[in-house]
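Reviewing the structure listed below.
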Protein chains: 2
Amino acid sequence: MLTIEQILKQHNLRVTQIRLEVLSYFQSNKNALTHAVLETHFAKKFDRVTIYRTLTSFLENGLLHKIPDDSGATKYALCHHEGNVHTHDDHHVHFKCKKCDKIECLYNLEIPKLHLPKKYKMENANLLIEGICAACNN
Amino acid sequence: MLTIEQILKQHNLRVTQIRLEVLSYFQSNKNALTHAVLETHFAKKFDRVTIYRTLTSFLENGLLHKIPDDSGATKYALCHHEGNVHTHDDHHVHFKCKKCDKIECLYNLEIPKLHLPKKYKMENANLLIEGICAACNN
DNA sequence: ACATTTTTTGCAACTTTATTGCATCTTATT
DNA sequence: AATAAGATGCAATAAAGTTGCAAAAAATGT
């Protein structure tokens, strides 16, 4: 098991306080997060802009991915790597709960293959399922 | 074939100038549109806020749907109804071209069934495929 | 350990995207 | 033509995201 510091280094990111804490927060949280959530969570500890830049650096270095969504605020979630650090499987399913509004990645579910109309070339796919999540379905 | 006016009435919307023109613009355009695009297209003809409210009323009355996306600006596209005006099949595929950045609905493609983990209840699904569209693939 | 280089951070200002309140005007109805 | 319900434009505000720049912190070389 890698430490948070090692993960940052593996992704060519300098180790700074905000990066340690943001990454750690993502790890302790199975759902996708927005900038607004991080800003609230880290209250006055880090600057808004620095949080934006932390998210951007994580995106660029393959630690996070964006989740397409129609809420207006960008959702970020941790990437899962199997073995190779520098590849990320973009082909998994995201689940958005209509009750609690949380988004999570369903890493185990594969997006089924489907064949596109002529001349369309697929590079990646993103399936967003809406419904009621396990936690809310009681 | 229904006139634009008839379509508005069928969806319980009053017939106004902006609604006629916005709906007509969506019909003449096979791609998804953003508020910004409409604002530019209608220049000083209609107020920004009125355009937002037009989009909202179309969403609420089932004429348009939002397309989940990670661009930051909400994308809207026409709903397709088969027979019943008041149902909309949310289960189709959206295609976003990495070259021209346009989003279109692939109405003919069905999202394959897939089975979720225990206790998850699916209500609708939205598949966004990225790649190169037919127009750009030449 | 110290100086140097490179990158990151915080602050201020700004842009873009979207929403709300309210008076006025338009549509549909009688 | 009068009325009621709903839509529009304008101003203000909120929310989401970006840019420039000087100061601070990390990594690098000696």
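A few points about this structure:
- With a simple spin-label model that places each label point 7 Å from the Cα along the Cα-to-Cβ direction, the separation between B:Ser71 and A:Val37 comes to 2.5 nm.
- Angle between chain B longest axis and helix B:17-27 axis [Cα atoms, degrees, rounded to 10]: 40
- Across the identical copies, the 7 Å label point of B:Tyr107, projected outward along Cα→Cβ, sits 4.0 nm from its counterparts, in ascending order.
- Three-way shape label, chain B, alpha-carbon gyration tensor, a/c 1.5: oblate
- Selected from B:Ile18, B:Ile111, B:Ile67 as most flexible by GNM, with chain B as the system and alpha-carbon contacts under 10 Å: B:Ile111
- When each of A:Val22, A:Val15 is scored by the number of other beta-carbon atoms lying within 10 Å, the sequence from fewest to most is A:Val15, A:Val22.
- Taking the C-alpha atoms only, the angle from helix A:48-60 to the longest principal axis of chain A is near 50 degrees.
- Total lysine pairs under 16 Å (Cα atoms) in the range A:1-133, excluding pairs fewer than 8 apart on one chain: 11
- Number of partner chain Cβ atoms within 10 Å, mean per residue of B:109-120: 5
- Ranking of B:Cys97, B:Cys136 by count of other Cβ atoms within 10 Å, fewest first: B:Cys136, B:Cys97
- Based on C-alpha pairs under 8 angstrom that are at least 6 apart in sequence, chain A has a relative contact order of 20 percent.
- Remark: the A:Asn29-A:Gln6 segment gains 6.4 nm on full extension, using 0.36 nm per residue and subtracting the alpha carbon distance.
- On full extension, the segment bounded by A:Ala134 and A:Lys113 gains 5.0 nm, given 0.36 nm per residue less the C-alpha separation.
- Using C-alpha pairs under 8 Å with a sequence gap of at least 6, the mean separation divided by the residue count of the range A:1-81 gives a relative contact order of 29 percent.
- Largest GNM mean-square fluctuation among A:Thr74, A:Thr34, A:Thr16, using chain A with Cα springs under 10 Å: A:Thr16.
FYI, it's all coordinate maths here, none of it is from the lab. Remember, predicted model here, so these are calculated numbers, not experimental data. Cβ: placed from backbone, ideal geometry, glycine included. Neighbour counts: every protein chain shown.
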